[in-house]
Amino acid sequence: MALTGMEGKVAVVTGAARPRGIGRATALRLARDGADVACFDLGAPMSDFPSHGVAEPTDLDSVVAEIKAMGRRAVGIRADVTDEEQVESAVAEATEQLGEISLLANVVGGGGFGMGMGPLTYLPADQFDKMISLNLRSMFLVTKAVTSRMVAAGTKGSVCSVSSQAGKRGMPPLGAYCAAKAGIIMLTQTWALELGSAGITVNAVCPGTVDTDLLNPNGQLEMIMGGQPGGFEKWIQSEIPLGRMQTGDDVANAIAFLLSDDGNYITGEALNTSGGQTMV
C-alpha cells in the first residue's frame, strides 16, 4: 500500500545512484509512492578514501530511467554535496526542472573499513575532517538550501536524514564516524524546533548494519573472523535480533514513512532501523 501525501510532490534524494545503496532504494520508494525525484550524486568514485579498495560505481542515468518508467518525473544531478556552491546550484536546477521541493532525504555519507577509521592516537586530522564533511557538512548544506526555499515559498515539507546506530553509542575505532552521525541527530532535533512553525518536520533514521557494497569491500572484513569465508556475515547476523542484515529497502521504507503524510506528526526523532541491534 502506498503511503499518503506523496502524489505529485517533489523530492530530493542525495547519494541516489549507488546500485545497492540506501539512496537509490529511497529514490525508487518515493517514486513508487507518487513523488517526482531529483537524484543527487557525485557520479564518481570517492577518491578521498583510496584505501577503501572498492570502485564504488554509481549510475544516475539508470535510477532516473527507472523512476521515469514508473510514470514519475525525475532528474539526475551530479554534485558534490560537501561543496556549498554546487549544492546551491543543484537545488536551483532541481527546482527549475521539477518545481518547488517539499521532501528531502539526506542519504549521502559513509564510514567503515579504511574510511576515516582509527583510534584517537592514530587517526589523521585530515581523515577526521573528511568524515565530518562527508556525513555532517553535506547534510547541513543540503538541508539549509532546501528548507530556505521552503520557508521563503511558504511550502510545508519534510526532511529525513540518515544517521546511524553509531550516532547513539561509541563504536571504537569509529570515533570520527560516530561524531558525525551524532551531529546529525543533534541538528535534526534543533532544526525540528526551528522549522516546526513553518510546517516542516525534520527527522532522522539510525540504521544498523546495512548490506551494501560499502559494508565489506572485497571481503576485507573477513580478516576479523580469521579468514573464514562468510565469517563476517555470520557474525553480524548473530548480533541482530531479527537474524539478518538489513537492506537499503528496509531503511528506505522508514525514510518514506517519515516523509509522508502518515508521519506528519513526528518531528525531532532519530528512529532506530537496526533490526534490534540498537534499542536506545
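The values are calculated or read from the model by the stated rules, or taken from the named source; none is laboratory data. Remember, it's a predicted structure, so these values are computed and weren't measured experimentally. Cβ placement follows ideal geometry from the backbone for every residue including glycine, while neighbour counts extend to all protein chains displayed. Only protein heavy atoms, including side chains, enter the accessible area calculation; ligands, DNA and RNA are left aside. Shrake-Rupley method; radii C 1.70, N 1.55, O 1.52, S 1.80 Å.
Measuring from label point to label point, each 7 Å out along Cα→Cβ, what is the Ser89 to Ala69 span in nm?
3.1
When the Kirkwood radius is taken over all Cα pairs of the range 104-165, what Stokes-Einstein diffusion coefficient follows at 20 °C and 1.002 mPa s, in µm²/s?
Stokes-Einstein gives a translational diffusion coefficient of 161 µm²/s.
Report the extension gain between Glu100 and Glu7 in nm, rounded to one decimal, defined as 0.36 nm multiplied by the number of residues separating them, less their alpha carbon distance.
32.1 nm
Take the solvent-accessible surface of the protein heavy atoms, probe 1.4 Å, and return the percent of it on the range 95-186 that carbon and sulfur atoms account for.
It is 60 percent, rounded to a whole number.
Test of the criteria: in the range 100-203, which chymotrypsin sites (Phe, Trp or Tyr not before Pro) are in a DSSP loop and have at most 14 other Cβ atoms within 10 angstrom of their Cβ?
Answer by residue number: Tyr122.
Going by the alpha-carbon gyration tensor, a ≥ b ≥ c the square roots of its eigenvalues, is the range 149-207 rounded (a/c under 1.5) or, if a/c is not under 1.5, prolate (a/b greater than b/c) versus oblate?
Taking the square roots of the gyration eigenvalues as a ≥ b ≥ c, the range 149-207 is prolate.
Based on the Cβ-Cβ distance from Ser238 to Val280, what FRET efficiency comes out when R0 is 22 Å, to the nearest 0.05?
About 0.65, to the nearest 0.05.
Apply the a/c threshold of 1.5 to the C-alpha gyration tensor of the range 79-195 and tell me whether it is rounded, prolate or oblate.
Note, shape of the range 79-195 comes out prolate.
Which entries in Lys9/Lys144; Lys181/Lys234; Lys68/Lys181; Lys9/Lys181; Lys130/Lys168 show an alpha-carbon gap greater than 23 Å?
Lys181/Lys234; Lys68/Lys181; Lys9/Lys181
Lys156 to Arg32: extension gain in nm, 0.36 nm per residue of separation minus the Cα-Cα distance?
Full extension of this stretch gives 42.5 nm more.
Tell me, in nm to one decimal, what length is gained between Asp61 and Ala198 on full extension, where the rule is 0.36 nm per residue of separation less the Cα-Cα distance?
45.9 nm
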